[in-house]
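Here's the structure we're looking at; comments come further down.
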Amino acid sequence: MITEQEIRKKLSENFPDADIEVYDLTGGGDHWELRISSPAFSGKSLVEQHQMVYRSLGDWMKKEIHALKLHTSE
């Protein structure tokens, strides 16, 4: 199980100027809501923004994170 702090740390490494909010939706550590606002998203489509976040979370998206409610913005 991953923690809110681990998710926040990984995203902060990839998006150092981002505002990040992370919520565990079920208390089980595998269903998350993530709100991230970053200048890195400037000029990117919503799909591209989400892909950037998925890449940042890496292998966690394959096993540890079962569901991700994602909100991105510039």
- Query: So how much slack lies between Lys44 and Glu6, counting 0.36 nm per residue of separation and subtracting their Cα-Cα distance, in nm?
  - Reply: 11.1 nm
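Taking loop as defined by DSSP and a crowding limit of 11 other beta carbons within 10 Å, which trypsin sites (Lys or Arg not before Pro) in the stretch 1-71 fit? Write out the running numbers ahead of the final one.
Values: sites: Arg8, Lys9, Lys10, Arg35, Lys44, Arg55, Lys62, Lys63, Lys69; in loops: Lys44, Lys62, Lys63.
Answer in residue order: Lys62, Lys63.
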- Between 0 and 90°, nearest 10: helix 4-14 axis offset from the chain longest Cα axis: 30 degrees
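Relative contact order for the stretch 7-74: what percent, with Cα pairs under 8 Å and sequence separation of 6 or more?
37 percent
Looking at the chain only, what percent of DSSP beta bridges run antiparallel? Nearest 5 please.
Counting only bridges with both partners in the chain, antiparallel ones make up about 45 percent.
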- Item | Amide N of the stretch 4-20 lying under 13 Å from the label point, which is placed 7 angstrom from the Cα of Glu64 along Cα→Cβ | 4-12
- Kindly write out, for the stretch 16-25 in residue order, the coupling ³J(HN,Hα) from the Karplus curve 6.51 cos²θ - 1.76 cosθ + 1.60 (θ = phi - 60°), rounded to whole Hz, with x marking Gly and Pro. x, 9, 7, 9, 10, 10, 10, 10, 7, 6
- Query: So for the pair Glu21, Tyr54, with labels modelled 7 Å out along Cα→Cβ, what separation do we get in nm?
  - Reply: 2.4 nm
- Message: From the helices alone, meaning DSSP H stretches of at least four residues, give me the mean residue ellipticity at 222 nm for the chain, per-run term -39500 (n - 2.57), in deg cm²/dmol to the nearest 500.
- Response: -9500 deg cm²/dmol
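If you place +1 on the Cβ of every Lys and Arg and -1 on the Cβ of every Asp and Glu, how big does the dipole about the Cα centre of the chain come out, in debye to the nearest 20?
Here the size comes out at about 200 debye.
None of the figures in this text is laboratory data; all of them are computed from the coordinates on show. Since this is a predicted model, take the numbers as computed values, not measurements. Backbone-built Cβ (ideal geometry, glycine too); neighbour counts: all protein chains shown.
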